[in-house]
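Data block below; observations after.
The values are calculated or read from the model by the stated rules, or taken from the named source; none is laboratory data. No experiment lies behind these values; they were computed from the predicted model shown. Positions of Cβ are generated from backbone atoms using ideal geometry, with glycine treated the same way; all protein chains shown enter the neighbour counts.
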Amino acid sequence: MRNSHLTGCCIALTLLSATLMTGCERSSVTEQVSMAGNFQEIAQGIVVNPAQGQAKAVRLQVMADDIIRVTSLAHSDFSSVADSLMVVAEPGAPFNTETNGKKVMLTTGALTAEVSLTDGQVVFKNARGEVLLDTVNSGEFGPVTQDPITPDDDSYAIRQQWNANSDEGFFGLGQHQNGQINFAGENAELSTHNLQISIPFVVSTRNYGVLWDNASITRFGDPELSAPLDEGFTLYNENGEEGGLTAYYYDGDTLLLKRTEADLDYQYLAHNTVREVPFPEELGEVNQPRVEWKGQISADDSGLHKFRMYSSGYASLSIDGEALLDRWRMNWNPWFHTTETTLTAGEKVDFAVNWDSQGGYFRLLHNGPQSKANQYSLSLASETAKAIDYYVVAGNNYDEVIAGYRTLTGKSVMLPKWAYGFWQSRERYTNQDELLDVLKTYRERQIPIDNIVLDWSYWPEDAWGSHEFDKTHFPDPQAMIDTVHELNANIMISVWPKFYSTTDNYKEFDEKGYMLNKNVEVEGNLDWIGKGYLNGFYDPYPEESQAIFWRQLEEKLNVLGIDAWWLDASEPDIHSNLSYMKRKEIMSPLSVGSGAEYFNSYALPNAEGVYKGERETDGHKRSFILTRSGFAGIQRTGAAIWSGDTVPRWSNLKEQIAAGVGTSLSGMPNWTMDIGGFTPENHYRYYQGKVVGHYSEMPPEHQQEWQELNLRWFQFGAFVPLFRSHGQNPYREIFNIADEGTSVYESLVYYTKLRYRLMPYIYTLAGDMYHKDGTMMRGLVMDFPHDETAINLNDAYMFGPSLLINPVYEHQARTREVYLPGQGSWFDFYSGKTYQGGQTISAPAPLGQMPLFVRAGAIIPTGEDIQYVYDKPDGDYTLNVFTGADGEFEIYHDDGKSYDYENGGYSYTPVAYDDSTGTLTIGERSGGFDGMVSSRTYHIRFIGEGESLADFSAAPDASIVYTGQPITVKNGQ
């Protein structure tokens, strides 16, 4: 038995004798040899060399009492393991080791890892001895087949599998668009796309997490690539003949070609606008290409078959007469939609696909059945790696597990307070007058707002990446920005990692060797602006390259007083609609390796360079970044992420619920979306030869649904971490969606004002993200882990500890089925009616209201009616106490603008309610900061059956002046 790791020294004890050594660096000090294998003790843990299995060396390093790193190699040279991009923590915590037969055990206060000397399998147990993780083997290492660049000799395709035939739930994995929150039994591809952000961190209902340290494309669940239909099915055309489905090619309604096809593939471009698989030559020039595939399929294997339909334009899939998918996406931004069905081997079923391409893309892929043991396990497989490298994080609950993730990858640094107000954006404000007129209109109408966003193409057409303003449309950007600030608002500006080859900024990067030039070197490979221009993306991984990127922003934009940075297309979207293989190729070589090896990680160094640069340049203000892509660790860069270019459809609205919750469960708490969806269908955008701006300019028959969809999305958007309206035309300003005096307009304004009323609550949640590793948008599994109904819901979540959010995502729905989790009582936010938890109710959902419920025992601080977050800093607060259970809440304050909170410049005010005595106690304030409001009036409302937080005119039960000293208030006195 040994104890190791004292500050300033390391203690090593062999299994036979004890020898004291000094120094924090040491080589192996003991080796236990047996017929089963051997192990060595190292400074931070152990290295096992198993006698069997594909892993020749398995290293365990203690990162913290509740975190252990596992690194497995197909050889024994650990120097080949690359430095981590995501992990910033260093190993170092006390541990013990001992042997037991053919196992070596490494133990901390919270975890025990048992490693087999025979085959290198690792079993993790918590402090109670309960098994958390049990590897199937020591890992699998195979040849790299998905890198277009010749891989290094020590690169492998890898897989690790744990807990075969498990009944766990699995959550996290980043932001996905498949509507899933619990991934148990599901497949997920962790890749990077406009709509998908992969964070390879998975959290289990057993209260552990696994951070998979790999930046290549990774597959959760089935490790196999999705395959074309004819790999797994026998295909029959409409005449019953084997070999494929019958394909009908139309131009509009005119049939041009009929033939049999086995692979439904129009997925990618080869380069520029040239398709990898062109349409049949027989079609000639077509204006409205449309394809129907009909026939039957017969599965090779019985079981659950999973289909992935990659599409843009209109696409639908039916199996055996049942419509399983019916989707539309804008032609330039296809993505996957998934469905599944159980099929019997050898049994024919009808199969039909319709695709109205609208110039877009299509592919239908498939994954066959897995055994139950494999399907219900934890499995991660990556396309290329030097090692299997992962971290096991233990906790007593989900918050503790997520805290462990941030221990490894960095704290979620605080955003400026104004970021939690309302943002208005548009694609795009074409000149400075448009932008200022919108902001002035919000102020004139007294609708709260804190941020106005200037999207892309403010630069001269031929100078993308110059960071210059087009003087024709933005003649005085300094005056524009100054006016924004005079109106008590902030301005965020779009910046891409993209540069036209003619710009000085491009040339500076290129001279240093920091441009990814393969996209530039292809003749005629122009982008889509104007006549088209050659363009490249920079390599953000070297620190010098990051510094150049920031300096260019600083010299041209930051000096004008820009408040925040919108880092768009940071996947990187070097050229849209290329295959994964082509994307990897044109990303290579990166300074750190191949595009395949670092495929998912580009957004992290891109954001980190801006964050670090701004902190060095303007250390007095909090940096703030919105980035379209992300990776593990992005939360440490002062960044928020958003769900990309979604579409205004009800199905897409619903999917954003799971996208946001999944992102939060992955440890990234600041998330947002395009309220209303980015690109609408043409019947919304154009009418009578004109581009629609105000809703009244669209066809009358579509106006009602447009308004309702935007309103429902907006109601939902008021209760995500960042409240942001954005999209292409029709315009998304409240006054362009609906006219003043209408129910839609009034509801839009109501939820905007409600957001600001709730700012004391919301900003406390923001403070907790840093100080307590908190999560604002909380999957129900976090607060109701033993409620099996709750943890499997994908359309509801908690907003902080108190508010249950139930977005409405069906057209013309005026009620919504709401499950009330747990066993406590719940208050209807609007009526005050109470319900017992553990039941599903039909909740009222009139057009102007989204169902909201409040937990009994909740304490929700609200503020006065304000127009921006810094308005009325010393305004009164109301403490809304929902009776029926005990409760507590700590109200957070800091200056909202600086980094002083990192050095103690903040305060917490504890509030507790004892329901048995009806006593509310406001405790002693802790902490302080420059400019803190030392005295504030608190109004107290004890809310019971039939009373509503929504009634801000209700008289309080008591009012007090709080000066930081404890005070109690009793209900009824």
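Taken as a whole, the structure places residue 892 among residues that are within 30 Å of residue 415 (Cα to Cα) and within 30 Å of the chain's Cα centre (by Cα).
Yes or no, residue by residue, for (1) surrounded by fewer than 18 Cβ atoms within 10 Å (Cβ to Cβ); (2) modelled with pLDDT under 95; (3) in contact with a strand residue (DSSP E or B) (Cβ under 7 Å, 6 or more places away or on another chain):
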{"site": "869", "(1), (2), (3)": "no, no, no"}
{"site": "877", "(1), (2), (3)": "no, no, yes"}
{"site": "886", "(1), (2), (3)": "yes, no, yes"}
{"site": "894", "(1), (2), (3)": "no, no, yes"}
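Taken over the stretch 52-76, the criterion of being in a loop (DSSP other than H, G, I, E, B), touching a residue at least 40 places away in the same chain (Cβ under 8 Å) and more than 29 Å from the chain's Cα centre (by Cα) is satisfied by 52, 53, 54, 55, 74, 75.
Suppose we filter 504, 455 for residues that are among the acidic types (Asp, Glu) and closer than 19 Å to residue 724 by Cβ; which single one remains? It is 455.
Per-residue answers, yes or no, for (1) of a type in the set (Ser, Thr, Tyr); (2) without any contact (Cβ under 8 Å) to a residue 60 or more places away in the chain:
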{"residue": "454", "(1), (2)": "no, yes"}
{"residue": "458", "(1), (2)": "yes, yes"}
{"residue": "462", "(1), (2)": "no, no"}
{"residue": "465", "(1), (2)": "no, no"}
{"residue": "486", "(1), (2)": "no, yes"}
{"residue": "493", "(1), (2)": "no, no"}
{"residue": "512", "(1), (2)": "no, yes"}
{"residue": "515", "(1), (2)": "no, yes"}
{"residue": "522", "(1), (2)": "no, no"}
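Taking the stretch 138-158 as the range and being buried (at least 20 other Cβ atoms within 10 Å of the Cβ) and assigned to a loop (DSSP other than H, G, I, E, B) as the test, the residues that pass are 138, 139, 144, 147, 151, 155. You will find that of 818, 854, the residue that is in the same structural domain as residue 952 (by TED's automatic domain parsing), assigned to a strand (DSSP E or B), at pLDDT 95 or above and farther than 30 Å from residue 704 by Cα is 854 and no other. The residues on offer are 928, 918, 905, and the sole one that is outside the structural domain of residue 615 (by TED's automatic domain parsing), without any contact (Cβ under 8 Å) to a residue 60 or more places away in the chain and within 18 Å of residue 857 (Cβ to Cβ) is 918.
This table checks each residue for (1) under 14 Å from residue 420 (Cβ atoms); (2) of a type in the set (D, E, K, R).
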| position | (1), (2) |
| --- | --- |
| 761 | yes, no |
| 770 | yes, no |
| 775 | no, no |
| 795 | no, yes |
| 799 | yes, no |
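Each row is one residue, and each column tells you yes or no for (1) in contact with an Asp or Glu (Cβ under 8 Å, 6 or more places away or on another chain); (2) surrounded by fewer than 20 Cβ atoms within 10 Å (Cβ to Cβ).
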| site | (1), (2) |
| --- | --- |
| 160 | yes, no |
| 175 | no, no |
| 182 | no, no |
| 201 | no, no |
| 214 | yes, no |
| 221 | yes, no |
| 234 | yes, yes |
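Checking each residue in the stretch 612-627 for being surrounded by fewer than 23 Cβ atoms within 10 Å (Cβ to Cβ) and either among the aromatic types (Phe, Trp, Tyr) or part of a loop (DSSP other than H, G, I, E, B) (or both) picks out 618, 619, 620, 621.
Buried (at least 24 other Cβ atoms within 10 Å of the Cβ), in a loop (DSSP other than H, G, I, E, B), of a type outside the set (Ser, Thr, Tyr) and in contact (Cβ under 8 Å) with a residue 40 or more places away in the chain: is that true of residue 630 in this structure?
It is true that residue 630 is buried (at least 24 other Cβ atoms within 10 Å of the Cβ), in a loop (DSSP other than H, G, I, E, B), of a type outside the set (Ser, Thr, Tyr) and in contact (Cβ under 8 Å) with a residue 40 or more places away in the chain.
Can you say whether residue 438 is modelled with pLDDT of 95 or more and not in a helix (DSSP H, G or I), as far as the supplied structure shows? It is false that residue 438 is modelled with pLDDT of 95 or more and not in a helix (DSSP H, G or I). Taking the conditions exactly as written (of a type outside the set (Phe, Trp, Tyr), at negative phi, touching a residue at least 24 places away in the same chain (Cβ under 8 Å) and part of a strand (DSSP E or B)), does residue 354 satisfy them or not? Considered against the rule, which asks whether it is of a type outside the set (Phe, Trp, Tyr), at negative phi, touching a residue at least 24 places away in the same chain (Cβ under 8 Å) and part of a strand (DSSP E or B), residue 354 comes out as yes. Can we say residue 262 is surrounded by fewer than 19 Cβ atoms within 10 Å (Cβ to Cβ), in contact with a strand residue (DSSP E or B) (Cβ under 8 Å, 6 or more places away or on another chain) and small (Gly, Ala, Ser)? Criteria met by residue 262.
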